[in-house]
Amino acid sequence: MATMAAIFRKFGAWVLQFIDFCRGVITDAIATFLAFPAWKKVAVVAAAVAAVVLLFVVDIPSVELLRLWADGAGDWFFLVYFLIYIVFTQFPIPRTFFTLMSGIFFGPMKGCLLALTATTVSATISFVIVRHFLRDWMAPKLTHPAVHGIDERLRQRGWLSVTCLRMIAGIPFFVLNYSTAVSSIRFVPYIAATFVGSAPNTIAIVLLGDTLTGNVNPALLLVSALLLVIGVSGLVLDAKLPVRGSGVVESTK
């Protein structure tokens with residue numbers, strides 16, 4: 001009981017620190033926005049409005065219509081869909097939809113090749129853009145006690161964390177792209193971990209593309225559950241491994 005109480009106290013203290021960190025980031029972001037010249041404020045608001053319109057107003061064609069387009073388009077549609085996949089997954093749009101359609105359009109082999117390659121390219125582009133524009137602004141905030149240890153883990157063993165997180169289907173693709181881009185994780189480990197960690201779920205969804213019709217294949221649920229267990233187990237292992245350097249050393253006990 002004493003051990004559990006200590007764990008809850010430690011977790012509660014971290015939650016309060018994290019809330020304080022988020023409050024500081026939001027306050028700084030608002031101050032930065034208010035300091036923008038008028039034209040830049042208008043551009044930011046216009047971009048936000050355009051994104052809302054794109055997500056909630058523009059209709060996505062039906063599966064049947066998309067299939068007809070693919071059949072009649074010929075080989076060049078593979079490249080077009082590859083580019084569509086990359087562009088749309090830069091935004092808060094579920095990647096699963098595009099992965100499923102890859103299997104429906106192109107079959108298991110070409111579908112897996114397209115989806116996994118496009119996923120890696122999309123994650124790379126998001127990482128480069130977000131890091132270029134936000135990394136310097138975010139870096140001083142990563143010394144906050146709530147996130148400093150996490151940032152150190154990503155800097156030293158980011159490949160393990162990202163690989164495990166990519167295996168967990170419930171974690172939004174774009175959220176992981178953006179959050180890791182402002183961290184201290186190195187570029188090459190991030191890309192390699194994205195490719196390896198995304199492969200199991202991506203291949204499974206392509207192969208089980210018939211779930212788009214609403215008939216959920218039990219095999220997909222089994223695969224997703226297995227990957228969830230593997231991903232969470234990897235994160236637990238990462239949490240138990242010590243973090244060295246920058247004055248951050250954590251016990252493995």
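The values are calculated or read from the model by the stated rules, or taken from the named source; none is laboratory data. All of these numbers come straight from a predicted model, not from anything done at the bench. Positions of Cβ are backbone-derived with ideal geometry, glycine not excepted, and every protein chain shown enters the neighbour counts.
Observations on the model:
- Residues that are modelled with pLDDT of 85 or more and in a loop (DSSP other than H, G, I, E, B) do not occur anywhere in region 235-252.
- Extreme residue, farthest from Ile104 (Cα to Cα), among residues of region 41-68 that are in contact with a helix residue (DSSP H, G or I) (Cβ under 9 Å, 6 or more places away or on another chain) and at pLDDT 75 or above: Lys41
- Any chance Leu114 is over 27 Å from Ala48 (Cβ atoms), in the same structural domain as Ala193 (by TED's automatic domain parsing), in a helix (DSSP H, G or I) and of a type in the set (A, V, I, L, M, F, W, C): yes
- Residues being within 22 Å of Val229 (Cα to Cα) and at pLDDT 85 or above - total across region 175-188: 1
- Ala199 vs. criteria more than 24 Å from Glu152 (Cβ to Cβ), surrounded by 14 or more Cβ atoms within 10 Å (Cβ to Cβ), at pLDDT 85 or above and assigned by TED's automatic domain parsing to the domain that holds Leu100: yes
- Applying a threshold of 8 Å to beta carbon distances and a minimum spacing of six or more residues, or different chains, the list of pairs starting in region 171-186 at a residue that is in contact (Cβ under 8 Å) with a residue 60 or more places away in the chain and ending at one that is crowded, with 21+ Cβ neighbours inside 10 Å and outside any helix (DSSP H, G or I) reads Phe173/Thr89; Phe174/Thr89.
Results for (1) under 20 Å from the mean Cα position of the chain (by Cα); (2) of a type outside the set (Phe, Trp, Tyr), shown as yes or no for each residue.
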| residue | (1), (2) |
| --- | --- |
| Trp69 | no, no |
| Ala73 | no, yes |
| Trp76 | no, no |
| Ile84 | yes, yes |
| Val87 | yes, yes |
| Arg95 | yes, yes |
| Ile104 | no, yes |
| Lys110 | no, yes |
| Ala118 | yes, yes |
